[in-house]
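Contents: one structure, followed by commentary.
The values are calculated or read from the model by the stated rules, or taken from the named source; none is laboratory data. Keep in mind that this is a model prediction, so the values were computed, not measured. In this analysis, Cβ positions are derived from the backbone assuming ideal geometry, glycine residues included, and neighbour counts consider all displayed protein chains. Accessible surface is based on the protein model in full, side chains and every heavy atom, while ligands, DNA and RNA are left aside. Shrake-Rupley method; radii C 1.70, N 1.55, O 1.52, S 1.80 Å.
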Amino acid sequence: MTSADLATRVKAFELSLRENAKPERAEFEKNYLKSSLRFIGANAPAIHQECRAFYRENKGIDKKSLDLLCSSLWQTDCHELRSIAIGVMERFRTKLGPNDLPRLRRMVIESAGWAHVDTIAVHVVGAIYEAHPEIKNKLRQWSTNKDFWVRRASMLALLNSAKRGDRSAFDLFTEFAVSMLTEKEFFIRKAIGWVLRS
(Lines give C-alpha, C1' and ligand atoms only; values in the text may rest on other atoms or scores of the structure.)
Protein backbone atom coordinates (compact mmCIF):
# COMPACT_ATOMS: atom_id res chain seq x y z
CA MET A 1 0.00 0.00 0.00
CA THR A 2 1.63 3.24 -1.18
CA SER A 3 1.56 6.58 0.62
CA ALA A 4 -0.94 7.83 -1.96
CA ASP A 5 -3.14 4.76 -1.38
CA LEU A 6 -3.04 5.35 2.38
CA ALA A 7 -3.94 9.02 2.03
CA THR A 8 -6.81 8.13 -0.29
CA ARG A 9 -8.14 5.45 2.06
CA VAL A 10 -7.98 7.72 5.11
CA LYS A 11 -9.73 10.51 3.20
CA ALA A 12 -12.41 8.09 2.01
CA PHE A 13 -13.12 7.01 5.59
CA GLU A 14 -13.51 10.63 6.67
CA LEU A 15 -15.76 11.59 3.76
CA SER A 16 -17.99 8.58 4.43
CA LEU A 17 -18.27 9.43 8.13
CA ARG A 18 -19.16 13.02 7.30
CA GLU A 19 -22.24 11.95 5.32
CA ASN A 20 -24.34 11.50 8.47
CA ALA A 21 -22.25 13.43 10.99
CA LYS A 22 -23.81 16.02 13.25
CA PRO A 23 -21.91 19.13 14.40
CA GLU A 24 -23.77 19.11 17.73
CA ARG A 25 -22.60 15.53 18.36
CA ALA A 26 -19.02 16.54 17.60
CA GLU A 27 -19.18 19.41 20.08
CA PHE A 28 -20.85 17.30 22.77
CA GLU A 29 -18.42 14.40 22.51
CA LYS A 30 -15.36 16.64 22.44
CA ASN A 31 -16.51 18.32 25.65
CA TYR A 32 -17.69 15.07 27.27
CA LEU A 33 -14.40 13.28 26.60
CA LYS A 34 -12.35 16.40 27.40
CA SER A 35 -10.31 15.68 24.28
CA SER A 36 -7.96 17.86 22.27
CA LEU A 37 -8.71 15.84 19.13
CA ARG A 38 -10.91 16.99 16.25
CA PHE A 39 -14.36 15.40 16.15
CA ILE A 40 -16.42 14.81 13.01
CA GLY A 41 -19.67 14.07 14.83
CA ALA A 42 -20.21 10.53 13.49
CA ASN A 43 -21.90 8.01 15.78
CA ALA A 44 -20.63 4.59 16.84
CA PRO A 45 -22.80 2.59 14.39
CA ALA A 46 -21.35 4.58 11.47
CA ILE A 47 -17.80 3.86 12.69
CA HIS A 48 -18.57 0.15 13.13
CA GLN A 49 -20.07 0.04 9.64
CA GLU A 50 -16.89 1.46 8.12
CA CYS A 51 -14.79 -1.13 9.96
CA ARG A 52 -17.07 -3.99 8.92
CA ALA A 53 -17.08 -2.91 5.29
CA PHE A 54 -13.30 -2.57 5.21
CA TYR A 55 -12.86 -6.00 6.76
CA ARG A 56 -15.31 -7.59 4.35
CA GLU A 57 -13.57 -6.08 1.32
CA ASN A 58 -9.96 -6.58 2.48
CA LYS A 59 -9.78 -9.91 4.28
CA GLY A 60 -6.56 -10.80 2.48
CA ILE A 61 -4.68 -7.65 3.48
CA ASP A 62 -1.07 -8.31 4.45
CA LYS A 63 0.26 -7.37 7.88
CA LYS A 64 2.50 -4.58 6.60
CA SER A 65 -0.37 -2.85 4.79
CA LEU A 66 -2.61 -3.32 7.80
CA ASP A 67 -0.03 -1.73 10.09
CA LEU A 68 0.53 1.18 7.70
CA LEU A 69 -3.18 1.88 7.41
CA CYS A 70 -3.82 1.75 11.15
CA SER A 71 -0.79 3.95 11.81
CA SER A 72 -1.98 6.47 9.22
CA LEU A 73 -5.43 6.59 10.77
CA TRP A 74 -3.98 6.88 14.27
CA GLN A 75 -1.62 9.69 13.32
CA THR A 76 -4.51 11.95 12.32
CA ASP A 77 -5.94 14.49 14.76
CA CYS A 78 -9.43 13.00 14.39
CA HIS A 79 -11.16 11.01 17.13
CA GLU A 80 -13.36 8.98 14.79
CA LEU A 81 -10.51 8.07 12.44
CA ARG A 82 -8.53 6.85 15.44
CA SER A 83 -11.60 4.82 16.42
CA ILE A 84 -11.56 3.22 12.97
CA ALA A 85 -7.89 2.34 13.45
CA ILE A 86 -8.79 0.48 16.64
CA GLY A 87 -11.86 -1.13 15.06
CA VAL A 88 -9.85 -2.39 12.09
CA MET A 89 -7.21 -3.83 14.42
CA GLU A 90 -9.95 -5.57 16.38
CA ARG A 91 -11.39 -7.18 13.26
CA PHE A 92 -7.96 -8.28 12.03
CA ARG A 93 -6.87 -9.36 15.52
CA THR A 94 -5.68 -12.76 14.31
CA LYS A 95 -2.92 -10.95 12.42
CA LEU A 96 -1.69 -9.30 15.63
CA GLY A 97 0.70 -10.76 18.16
CA PRO A 98 3.15 -10.00 20.97
CA ASN A 99 5.33 -7.87 18.70
CA ASP A 100 2.44 -5.38 18.41
CA LEU A 101 2.38 -4.66 22.15
CA PRO A 102 4.87 -1.74 22.12
CA ARG A 103 2.77 0.06 19.51
CA LEU A 104 -0.43 -0.64 21.43
CA ARG A 105 1.14 0.68 24.62
CA ARG A 106 2.03 3.90 22.81
CA MET A 107 -1.53 4.14 21.54
CA VAL A 108 -2.85 3.75 25.09
CA ILE A 109 -0.56 6.53 26.31
CA GLU A 110 -1.47 8.79 23.41
CA SER A 111 -5.18 8.12 23.96
CA ALA A 112 -5.12 9.45 27.53
CA GLY A 113 -8.83 8.76 27.82
CA TRP A 114 -11.13 5.84 28.47
CA ALA A 115 -12.99 5.90 25.14
CA HIS A 116 -10.02 4.59 23.18
CA VAL A 117 -7.97 3.04 25.98
CA ASP A 118 -10.72 0.62 26.98
CA THR A 119 -11.38 -0.60 23.44
CA ILE A 120 -7.67 -1.10 22.78
CA ALA A 121 -7.24 -2.97 26.08
CA VAL A 122 -10.33 -5.18 26.04
CA HIS A 123 -10.67 -5.99 22.35
CA VAL A 124 -7.15 -5.73 20.92
CA VAL A 125 -4.66 -6.43 23.71
CA GLY A 126 -7.18 -8.84 25.22
CA ALA A 127 -7.35 -10.79 21.95
CA ILE A 128 -3.57 -11.02 21.84
CA TYR A 129 -3.55 -12.31 25.43
CA GLU A 130 -6.12 -14.98 24.58
CA ALA A 131 -4.02 -16.19 21.64
CA HIS A 132 -0.67 -15.70 23.38
CA PRO A 133 -1.05 -16.04 27.17
CA GLU A 134 2.75 -15.89 27.41
CA ILE A 135 2.45 -12.08 27.19
CA LYS A 136 1.48 -12.10 30.88
CA ASN A 137 4.95 -10.83 31.83
CA LYS A 138 4.54 -7.91 29.44
CA LEU A 139 1.21 -7.14 31.08
CA ARG A 140 2.97 -7.27 34.44
CA GLN A 141 5.26 -4.54 33.17
CA TRP A 142 2.23 -2.56 32.04
CA SER A 143 0.70 -2.93 35.51
CA THR A 144 3.57 -0.95 37.04
CA ASN A 145 3.88 1.64 34.27
CA LYS A 146 4.02 5.27 35.43
CA ASP A 147 1.09 6.09 33.11
CA PHE A 148 -2.14 5.12 34.86
CA TRP A 149 -3.89 4.47 31.53
CA VAL A 150 -1.35 1.72 30.82
CA ARG A 151 -1.95 0.31 34.29
CA ARG A 152 -5.70 0.37 33.63
CA ALA A 153 -5.15 -1.37 30.29
CA SER A 154 -3.16 -4.16 31.95
CA MET A 155 -6.25 -5.15 33.94
CA LEU A 156 -8.86 -4.63 31.23
CA ALA A 157 -6.86 -6.78 28.80
CA LEU A 158 -7.80 -9.70 31.05
CA LEU A 159 -11.51 -8.89 31.23
CA ASN A 160 -12.90 -11.16 28.50
CA SER A 161 -10.72 -14.13 29.45
CA ALA A 162 -11.70 -13.78 33.10
CA LYS A 163 -15.39 -13.52 32.16
CA ARG A 164 -15.09 -16.79 30.26
CA GLY A 165 -13.78 -18.53 33.36
CA ASP A 166 -10.07 -18.51 32.60
CA ARG A 167 -8.68 -18.93 36.10
CA SER A 168 -5.15 -17.88 35.18
CA ALA A 169 -6.47 -14.62 33.70
CA PHE A 170 -8.46 -13.89 36.86
CA ASP A 171 -5.47 -14.72 39.05
CA LEU A 172 -3.32 -12.35 37.01
CA PHE A 173 -5.97 -9.64 37.28
CA THR A 174 -6.09 -10.21 41.06
CA GLU A 175 -2.32 -9.81 41.24
CA PHE A 176 -2.52 -6.49 39.39
CA ALA A 177 -5.56 -5.27 41.30
CA VAL A 178 -4.01 -6.00 44.70
CA SER A 179 -0.92 -4.00 43.74
CA MET A 180 -3.17 -1.04 42.87
CA LEU A 181 -5.64 -1.17 45.76
CA THR A 182 -4.14 1.87 47.45
CA GLU A 183 -4.33 4.02 44.32
CA LYS A 184 -6.62 7.03 44.46
CA GLU A 185 -6.92 7.39 40.67
CA PHE A 186 -10.62 7.07 39.73
CA PHE A 187 -10.02 5.20 36.48
CA ILE A 188 -7.88 2.57 38.20
CA ARG A 189 -10.48 1.92 40.87
CA LYS A 190 -13.20 1.86 38.22
CA ALA A 191 -11.31 -0.78 36.22
CA ILE A 192 -10.95 -3.01 39.29
CA GLY A 193 -14.68 -2.78 39.95
CA TRP A 194 -15.51 -3.42 36.29
CA VAL A 195 -13.60 -6.71 36.13
CA LEU A 196 -14.91 -7.88 39.51
CA ARG A 197 -18.53 -7.26 38.44
CA SER A 198 -18.11 -9.17 35.16
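3J(HN,Hα) along the range 160-167, derived from phi through the Karplus expression 6.51 cos²θ - 1.76 cosθ + 1.60 where θ = phi - 60°, amounts to 5, 5, 5, 4, 7, x, 6, 5 Hz, with x in place of Gly and Pro. Using a/c under 1.5 as the rounded threshold, could you call the range 78-181 rounded, prolate or oblate? The axes a ≥ b ≥ c are square roots of the C-alpha gyration tensor eigenvalues, and prolate needs a/b larger than b/c, oblate otherwise. It is oblate, given that a/c is not under 1.5 and a/b is not larger than b/c.
Each residue of the range 104-112 is assigned a 3J(HN,Hα), and the resulting list reads 5, 5, 4, 5, 4, 5, 6, 5, 6 Hz, derived from the Karplus form 6.51 cos²θ - 1.76 cosθ + 1.60 (θ = phi - 60°), x at Gly and Pro. Note on the chain: with neighbouring protein chains present and a 1.4 Å probe, carbon and sulfur make up 52 percent of its accessible heavy-atom surface. The calculated 222 nm mean residue ellipticity attributable to helices in the chain amounts to -20500 deg cm²/dmol, summing -39500 (n - 2.57) over DSSP H runs of n ≥ 4 and dividing by all residues. The phi torsions of the range 31-48, fed into the Karplus equation with coefficients 6.51, -1.76 and 1.60 and a -60° offset, translate into couplings of 6, 5, 8, 6, 9, 8, 6, 7, 10, 7, x, 7, 8, 4, x, 5, 5, 4 Hz, rounded to whole numbers, with Gly and Pro shown as x. Gain on full extension, evaluated as 0.36 nm per residue between residue 130 and residue 164 minus their Cα-Cα distance, stands at 11.2 nm.
D by Stokes-Einstein for the range 15-97, Kirkwood Rh over Cα pairs, 10 °C, 1.306 mPa s: 119 µm²/s. Considering the chain, its Cα convex hull presents a mean projected area of 11.2 nm². Over the range 1-67, with the other protein chains present, what is the accessible area per residue in square angstrom, probe 1.4 angstrom? Solvent-accessible surface per residue comes out at 66 Å². The fraction of Cα-Cα pairs per 5 angstrom bin, counted from 0 for the range 121-171, comes to 5, 24, 35, 25, 9, 2 percent, rounded to whole percents.
Against the chain, whose longest principal axis comes from its Cα atoms, helix 186-197 is set at around 80 degrees. For the range 54-198, the relative contact order is 18 percent, taking Cα pairs closer than 8 Å that sit 6 or more residues apart in sequence and dividing their mean separation by the residue count. Each Lys and Arg adds +1 at its Cβ and each Asp and Glu adds -1 at its Cβ; summed about the Cα centre, the chain shows a dipole of about 280 debye. Amide H to amide H, with H built 1.01 Å from N, residue 38 comes under 5 Å of 78, 79, counting only residues 5 or more places away or on other chains. Given in Å, the Rg to one decimal and the Dmax to the nearest whole number for the Cα atoms of the range 100-139 are 9.9, 27. Among 14, 27, the sequence by solvent-accessible area, most first, with a 1.4 Å probe is 27, 14. Farthest towards the positive end of the charge dipole of the range 1-150, among the residues 111, 48, 81, is the Cα of 111, using unit charges on the Cβ of Lys, Arg, Asp and Glu. At a probe radius of 1.4 angstrom, the accessible area of the range 100-198 per residue rounds to 49 square angstrom.
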